[in-house]
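S.K.: My questions will all concern the structure given below.
The values are calculated or read from the model by the stated rules, or taken from the named source; none is laboratory data. All of these numbers come straight from a predicted model, not from anything done at the bench. Positions of Cβ are generated from backbone atoms using ideal geometry, with glycine treated the same way; all protein chains shown enter the neighbour counts.
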Amino acid sequence: MSFLELNNVHKGFGPANARTEVLRDIELRIEEGEFVAIVGYSGAGKTTLISLVAGLIRPDMGKVKLKGVEITEPGPDRGVVFQNYSLLPWLTVFENIQLAVDQVFPKWSEEQKRAHIDKYIATVNLTPAREKKPSELSGGMRQRVSVARALATEPQILLLDEPLGALDALTRATLQDEIVRIWEQDKRTVVMITNDVDEGIMMADRIVPLSAGPNATLGPSVAVNIPRPRDRKAINHDPEYKEVRRQVIGYLLGEGGKQRTAVSRKLILPDLLPEDLSEPRTLYGTKRKPRRRSETKREQVEVEA
Amino acid sequence: MHWFHRFKLDSFLYPLLGIGLCLLLWYGVAGKSTVTQTKDDWGDTVTITKRHGLSADLPTPAETWEASRSYVLEPFAKRGELDQGILRFTWLSLVLVAQGYALALLLGVPVGFCLGLSKTFAKMFDPIFQVLRPVSPLAWLPLGMVLFLSAKVEMPGGTAYTASELAAIFTIAICSMWPTVLNTAVGVRAIPQDYLNVAKVLKLSRTKTLFKVLLPATLPYMFTGFRLSLGIAWLVIVAAEMLTGRPGVGGFLWQQYNALSYAHIILCILTIGIVGFILDRMMSLVEARFKTA
Ligand SMILES: Nc1ncnc2c1ncn2[C@@H]1O[C@H](COP(=O)(O)OP(=O)(O)OP(=O)(O)O)[C@@H](O)[C@H]1O
Ligand SMILES: [Mg+2]
């Protein structure tokens, strides 16, 4: 039994007649302490995958299990760093984290909680911004607050949804190192979503590519056996780096890049009943206008994308 | 120097010019009196004041000022129940408005929350609200009178509300509540899913979600509603006071209309307008504060 398991998970959105199948047949096993990066196209369903693990949505089919227990609802044992920070704008940095800490450690004394919060603010190097509101922070700082909030609840697993997606390359590099440093302190399990293969290789133990949507699925995972600490400048010449990169990108551009043709795209063909001239016209409008049968009956035709 | 720059002549001069033009127009429309003195058949002097003009009985600006002077210059004087300084009347009206308005907010915010949170609630009551919303205060007041006809509410402080007061408060509340209800509902529906996800992941309890997430997130919308509601509450006061004959700006206006002193009507209109403007400005300031938060 793995720490986190996704077995045959399917997820789609929308009512039956206008449905998008987002994820299909997701199989993923993650061991405790592992740092896994999921790399995929934009709109493939990466956030959907994270939300499934977070418990914010339920799979249509299959099971998501943490330590063998099925995940049915969200909970603070899974710390989530959302794609768009999701800080509450009316609270300061400290208060945002405090909201989480108050909830998870209700029995602690005020003093203990304060020290705990300050520790995590310091971990992400934000002590000077402690009393600032999110609107007064830069994108990178907000992202760090979001990471600190997730860490402060001491979750069993950390779910990062493109935590560095909105940042410039330089800030990104700094924060990558910071997240890896924090992870190495207590080796908590991390699932990180990213759209940048290099970021995955820099940070993760293993990279799992997610094919293009709709009907995305996970490709074969690629282990990154580059010793830590990884040197950003030297890594480009590492043969292992080149190999991992070749495999992941190879999958994403090749097999995983093809759009599935099994998508049922709906074509409603005109299907008219001719006007019936024998019906009399009445005051209340006529019944004899041509009737569009397709309004009552839907026909579905599968097309190649 | 800073002060001077902020109130540049432009932003001062043009409004003044506008006011001047309006006064001129007013003067043009208003009636002027000509006083003729003749000797009647008995040899006594008789003064005949004749008014003529577009609207013969409408007083000119100067006449209005002359007639209103004592009310404006001694704004807190009390000479009788319906003969008080203008600010004293304003205060009486404001107190009544405050009570009705407070009731409107107290009812409006929870109703707005229910409307925004529950689809079922919205489906059940939204049509009713849409029907009640455009009903005029003039229509509500008689109903309020009937409702509270035999009611007498004794407050612990020793103050008691009469039927007409209760009816007025009821009317103000029910008329001014709708912007708060609707804006709160819109605000609740506009809460980003992200904030709700945060609450869910942390497993905040229902009350904690309400007070820590939903309420602060809707505050800016609520304050827009509060501002619009205050505008309506102030609008309703005149109707309420007219029909109940309570002392206040509206009551004074009605009484002066019955007494045919038109200058005082104009005084009341200006007072109501200016007070309404100041209230709106104050609420805008509060609203702007919450917008940026
Ligand atoms: N609640 C929802 N209702 C309907 N469709 C949804 C919902 N959530 C996601 N989708 C659809 O699922 C697909 C995948 O969305 P998702 O947000 O998971 O993509 P993503 O991989 O995270 O994209 P990005 O890289 O841009 O963040 C999209 O086509 C989106 O329209
Ligand atoms: Mg996403």
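S.K.: With the requirement that a residue be among the aliphatic types (A, V, I, L, M) and more than 15 Å from A:Y241 (Cα to Cα), what does segment A:212-226 give you?
M.R.: A:A212, A:A216, A:L218
S.K.: Against the definition (in contact (Cβ under 8 Å) with a residue 12 or more places away in the chain, within 12 Å of ligand 1 (Cβ to nearest atom) and within 14 Å of chain B (Cβ to nearest Cβ)), how does A:I57 come out, yes or no?
M.R.: Spelling it out, A:I57 is indeed in contact (Cβ under 8 Å) with a residue 12 or more places away in the chain, within 12 Å of ligand 1 (Cβ to nearest atom) and within 14 Å of chain B (Cβ to nearest Cβ).
S.K.: State which residue is nearest to ligand 2 (Cβ to nearest atom) when the search covers only segment A:7-28 and only residues that are under 24 Å from A:D205 (Cβ atoms) and in contact with a Ser or Thr (Cβ under 9 Å, 6 or more places away or on another chain).
M.R.: A:L23
S.K.: Tell me whether segment A:103-117 contains one or more residues that are part of a loop (DSSP other than H, G, I, E, B) and buried (at least 18 other Cβ atoms within 10 Å of the Cβ).
M.R.: No, that holds for no residue.
S.K.: Examine segment B:264-276 for a residue that is over 30 Å from A:P155 (Cβ atoms), surrounded by fewer than 19 Cβ atoms within 10 Å (Cβ to Cβ), within 14 Å of another protein chain (Cβ to nearest Cβ) and not polar (S, T, N, Q), and state whether such a residue exists.
M.R.: No: zero hits.
S.K.: Which one is farthest from ligand 2 (Cβ to nearest atom), of the residues in segment A:144-193 that are of a type in the set (G, A, S) and surrounded by fewer than 20 Cβ atoms within 10 Å (Cβ to Cβ)?
M.R.: A:A173
S.K.: Select from segment A:44-54 the residues that are within 11 Å of another protein chain (Cβ to nearest Cβ) and not aliphatic (A, V, I, L, M) and write down the one among them that is nearest to ligand 1 (Cβ to nearest atom).
M.R.: Filtering segment A:44-54 for residues that are within 11 Å of another protein chain (Cβ to nearest Cβ) and not aliphatic (A, V, I, L, M), the one nearest to ligand 1 (Cβ to nearest atom) comes out as A:T47.
S.K.: Just for helices (runs of 4 or more DSSP H) wholly inside segment B:71-168: which have at least 3 residues that are modelled with pLDDT of 90 or more?
M.R.: B:86-117, B:119-132
S.K.: For residues that are among the β-branched types (V, I, T) and touching a helix residue (DSSP H, G or I) at 6+ places or on another chain (Cβ under 8 Å), scanning just segment A:29-39, find the one that is nearest to ligand 2 (Cβ to nearest atom).
M.R.: Checked segment A:29-39; the qualifying residue nearest to ligand 2 (Cβ to nearest atom) is A:I38.
S.K.: Only residues that are away from ligand 1 (no atom under 15 Å from the Cβ) and either in a loop (DSSP other than H, G, I, E, B) or at positive phi (or both): list them for segment A:60-72, please.
M.R.: Those that are away from ligand 1 (no atom under 15 Å from the Cβ) and either in a loop (DSSP other than H, G, I, E, B) or at positive phi (or both): A:G62, A:K67, A:G68, A:I71, A:T72.
S.K.: Okay, next question. Give the residue that is farthest from the other protein chains (Cβ to nearest Cβ), with candidates limited to residues of segment A:1-11 that are more than 16 Å from ligand 1 (Cβ to nearest atom) and in a strand (DSSP E or B).
M.R.: A:N8
S.K.: Now for a separate question. Limited to segment A:12-43, what total is found for residues that are of a type in the set (A, V, I, L, M, F, W, C), within 8 Å of ligand 1 (Cβ to nearest atom) and either assigned to a helix (DSSP H, G or I) or at pLDDT below 90 (or both)?
M.R.: Final tally of qualifying residues: 0.
S.K.: Is it the case that A:T127 is among the hydroxyl-bearing types (S, T, Y) and either within 16 Å of ligand 2 (Cβ to nearest atom) or without any contact (Cβ under 8 Å) to a residue 12 or more places away in the chain (or both)?
M.R.: yes
S.K.: Still on this structure, please answer the following. From the list A:S42, A:S51, A:S2, which residue is away from ligand 2 (no atom under 16 Å from the Cβ) and hydroxyl-bearing (S, T, Y)?
M.R.: A:S2
S.K.: Answer yes or no as to whether A:Q83 is within 16 Å of ligand 2 (Cβ to nearest atom) and polar (S, T, N, Q).
M.R.: yes
S.K.: If only one of A:G79, A:G75 is closer than 30 Å to B:P216 by Cβ, within 14 Å of another protein chain (Cβ to nearest Cβ) and assigned to a strand (DSSP E or B), which one is it?
M.R.: A:G79
S.K.: Identify the single condition in (1) small (G, A, S); (2) crowded, with 22+ Cβ neighbours inside 10 Å; (3) closer than 30 Å to A:D77 by Cα that B:G250 does not satisfy, given that it satisfies every other one.
M.R.: (3)
S.K.: Which of (1) crowded, with 20+ Cβ neighbours inside 10 Å; (2) within 16 Å of ligand 1 (Cβ to nearest atom); (3) at pLDDT below 90 is the odd one out, the single condition A:G139 does not satisfy?
M.R.: (1)
S.K.: Would you confirm, using the coordinates I've provided, whether B:R79 is of a type in the set (D, E, K, R), surrounded by 13 or more Cβ atoms within 10 Å (Cβ to Cβ) and without any contact (Cβ under 8 Å) to a residue 24 or more places away in the chain?
M.R.: For B:R79, the condition - of a type in the set (D, E, K, R), surrounded by 13 or more Cβ atoms within 10 Å (Cβ to Cβ) and without any contact (Cβ under 8 Å) to a residue 24 or more places away in the chain - is not met.
S.K.: Restricting to segment B:184-195, and then to whatever is in contact with a helix residue (DSSP H, G or I) (Cβ under 7 Å, 6 or more places away or on another chain) and within 13 Å of another protein chain (Cβ to nearest Cβ), can you tell me which residue is farthest from A:S86 (Cα to Cα)?
M.R.: Filtering segment B:184-195 for residues that are in contact with a helix residue (DSSP H, G or I) (Cβ under 7 Å, 6 or more places away or on another chain) and within 13 Å of another protein chain (Cβ to nearest Cβ), the one farthest from A:S86 (Cα to Cα) comes out as B:I191.
S.K.: Given B:L149, B:L166, B:L202, B:L219, which one is surrounded by fewer than 21 Cβ atoms within 10 Å (Cβ to Cβ), farther than 25 Å from B:P127 by Cβ, within 14 Å of chain A (Cβ to nearest Cβ) and of a type in the set (A, V, I, L, M, F, W, C)?
M.R.: B:L219
S.K.: How about segment B:174-273: which helices (runs of 4 or more DSSP H) wholly inside it have at least 3 residues that are in contact (Cβ under 8 Å) with a residue 60 or more places away in the chain?
M.R.: Per the criteria, B:215-244, B:249-258.
S.K.: Are any of the residues in segment A:228-242 over 17 Å from the mean Cα position of the chain (by Cα) and either crowded, with 23+ Cβ neighbours inside 10 Å or within 16 Å of ligand 1 (Cβ to nearest atom) (or both)?
M.R.: Within segment A:228-242, not a single residue is over 17 Å from the mean Cα position of the chain (by Cα) and either crowded, with 23+ Cβ neighbours inside 10 Å or within 16 Å of ligand 1 (Cβ to nearest atom) (or both).
S.K.: Sticking with this one: Cβ-Cβ under 7 Å, sequence separation 6+ or interchain: first residue in segment A:90-110 and within 11 Å of chain B (Cβ to nearest Cβ), partner of a type in the set (D, E) and outside any helix (DSSP H, G or I). Which pairs?
M.R.: Note: no pairs meet the criteria.
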